[in-house]
Structures are given as C-alpha cells and as structure tokens.
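Take a look at the structure set out below.
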Amino acid sequence: MSDRLVRFPGASWQEIEALPQPLRWAVQGTIFHLLDEPVPTLADPFPSDDPLPGAYELHLPGDNVTIWYTVSVHEGREVISVPACEPGHLTSVERTQRATV
C-alpha cells in the first residue's frame, strides 16, 4: 500500500455514522478498502457526461448505496476525500449537486 490518507470533509463522517448499522459497516469497509485500491474497477468517473479529474462514484448495488469521492495528490501523498455517501438511488441532478458539495 502506498502512502494514502482518507479525509471526510464537513459532516460526511457523521452522516456515515448515522446510517443503519449494516449499511454503515458496508460503507466504512468499502471506504477503507480504497486505501488499497483507490480506483476500483467498479468506480465510475463522475459526473458521467463530463467527468471531473479524480472524481468517482461507487455504487454498491447489494447495499443500495452510492459513495462519491475524489483522489488527488497533496505534498506527495495520495488523498482520498469522501464528501458524500447516500443510500438509495439519486437522479443525475441530485448526484451532481452532492458531488460538488
């Protein structure tokens, strides 16, 4: 594993902690898996019509949740920032609004 950090800006960690326990565990496990593989093959560039550099969405269909995150380099370290996680399915407009928070 390289030198990576996971960052939860704003209230994103509190939002994850407020999820029902099984869903929270699935999200937390997936996020920490990103330390080993920051861009898993199931992650899609985001938004799909005009992707931002290093922005991804990862939908976990089995848990019906989507995680939005970015991967960037800061002072030689890879930083994974998780600004949003949302249970259920969102429209593309809602996804764009959540990812730009």
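The values are calculated or read from the model by the stated rules, or taken from the named source; none is laboratory data. Everything numeric here is computed off the predicted structure, so don't read it as measured data. We place every Cβ from the backbone using ideal geometry, glycine too, and count neighbours over all the protein chains shown.
Worth pointing out:
- Neighbours by Cβ (under 8 Å, 6+ apart or cross-chain): first from the stretch 34-61, at positive phi; second assigned to a strand (DSSP E or B) and not basic (Lys, Arg): Gly54/Thr70; Gly54/Val71; Gly54/Ser72
- Among the residues of the stretch 7-22, those identified as assigned to a helix (DSSP H, G or I) and more than 14 Å from the chain's Cα centre (by Cα) are Gln14, Glu17, Gln21, Pro22.
- Total residues in the stretch 21-44, condition β-branched (Val, Ile, Thr) and more than 14 Å from Glu86 (Cα to Cα): 2
- Total residues in the stretch 67-83, condition surrounded by fewer than 19 Cβ atoms within 10 Å (Cβ to Cβ) and aliphatic (A, V, I, L, M): 3
- When Glu94 is tested against (1) outside any loop (DSSP other than H, G, I, E, B); (2) at pLDDT 85 or above; (3) over 11 Å from the mean Cα position of the chain (by Cα), only condition (2) is not met.
- Selected residue (criterion: farthest from Ile67 (Cα to Cα)) from residues of the stretch 28-43 that are surrounded by 13 or more Cβ atoms within 10 Å (Cβ to Cβ) and of a type outside the set (A, V, I, L, M): Pro38
- Candidates Glu86, Glu37, filtered to the one that is of a type in the set (D, E, K, R), modelled with pLDDT under 90 and touching a strand residue (DSSP E or B) at 6+ places or on another chain (Cβ under 6 Å): Glu86
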